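Asks: Dropping the structure in here first, questions after.
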Amino acid sequence: MQSLHAKCCKYFALPIDTPTRRKDFDYIRWYLLHGGASVFVESNTWYLLVHASCKHLQADNRCGIYETRPAICREYSTDNCEYDDSYTYDRYFETPGTGRGVCRSGAPQPRPAAVS
Ligand code: SF4
C-alpha cells in the first residue's frame, strides 16, 4: 500500500498580480528559476508557491511549537488536506524552460498566452 504524505507545513504561497504583460511573465520566469519555487492559479488568482518546510516541523510530522503556533496554522483545517500525489490547482507551473505546467488532471497545460 502506497503511503501518502500531506503537504501542509512544507510550503507557503502568496498571491501575486495576474500577469498581463511580457514583463510580468518574465518576473514569473525569474521566480521559477529558483529552486523550490512554483506558480499556480486557483480561481483566477495567481500565487507564488515556495516549497520550504517550516523550521518547527518535527521528524514525526508534528508541530514543534504547537501551543504557540501562528494563527494561520490554528485556522488551518485538514478538511481539504493536500497530498503529494494530488494536483489541486487549476494551473501549475514549475519550470521556466518549457512554459508548461500541469493542471489538477495531470494533463500538460499550454504556456500562458497574451504575451505581447
Ligand atoms: S508552526 Fe507548526 S503547524 Fe505551523 S507550519 Fe510550522 S510546524 Fe506547521
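The values are calculated or read from the model by the stated rules, or taken from the named source; none is laboratory data. Since this is a predicted model, take the numbers as computed values, not measurements. When we count neighbours, we look across all protein chains shown, and the Cβ atoms used for this are built from the backbone with ideal geometry, even at glycine.
Asks: For residues that are over 20 Å from D90 (Cβ atoms) and of a type in the set (G, A, S), scanning just segment 27-60, find the one that is farthest from the ligand (Cβ to nearest atom).
Replies: G35
Table: residues versus (1) at pLDDT below 95; (2) not in a loop (DSSP other than H, G, I, E, B).
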| residue | (1), (2) |
| --- | --- |
| L48 | no, yes |
| N61 | yes, no |
| E67 | no, yes |
| D79 | yes, yes |
| G106 | yes, no |
| R111 | yes, no |
| S116 | yes, no |
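Asks: Would you point out the residue of segment 14-26, among those that are surrounded by fewer than 15 Cβ atoms within 10 Å (Cβ to Cβ) and within 17 Å of the chain's Cα centre (by Cα), that is nearest to the ligand (Cβ to nearest atom)?
Replies: Restricting to residues being surrounded by fewer than 15 Cβ atoms within 10 Å (Cβ to Cβ) and within 17 Å of the chain's Cα centre (by Cα), the top hit is L14.
Asks: Here is a further query. If the Cβ limit is 8 Å and pairs must be 6+ apart or interchain, which residue in segment 41-65 that is among the basic types (K, R) pairs with which residue that is not in a loop (DSSP other than H, G, I, E, B)?
Replies: Going by the 8 Å Cβ cut-off, there are no qualifying pairs.
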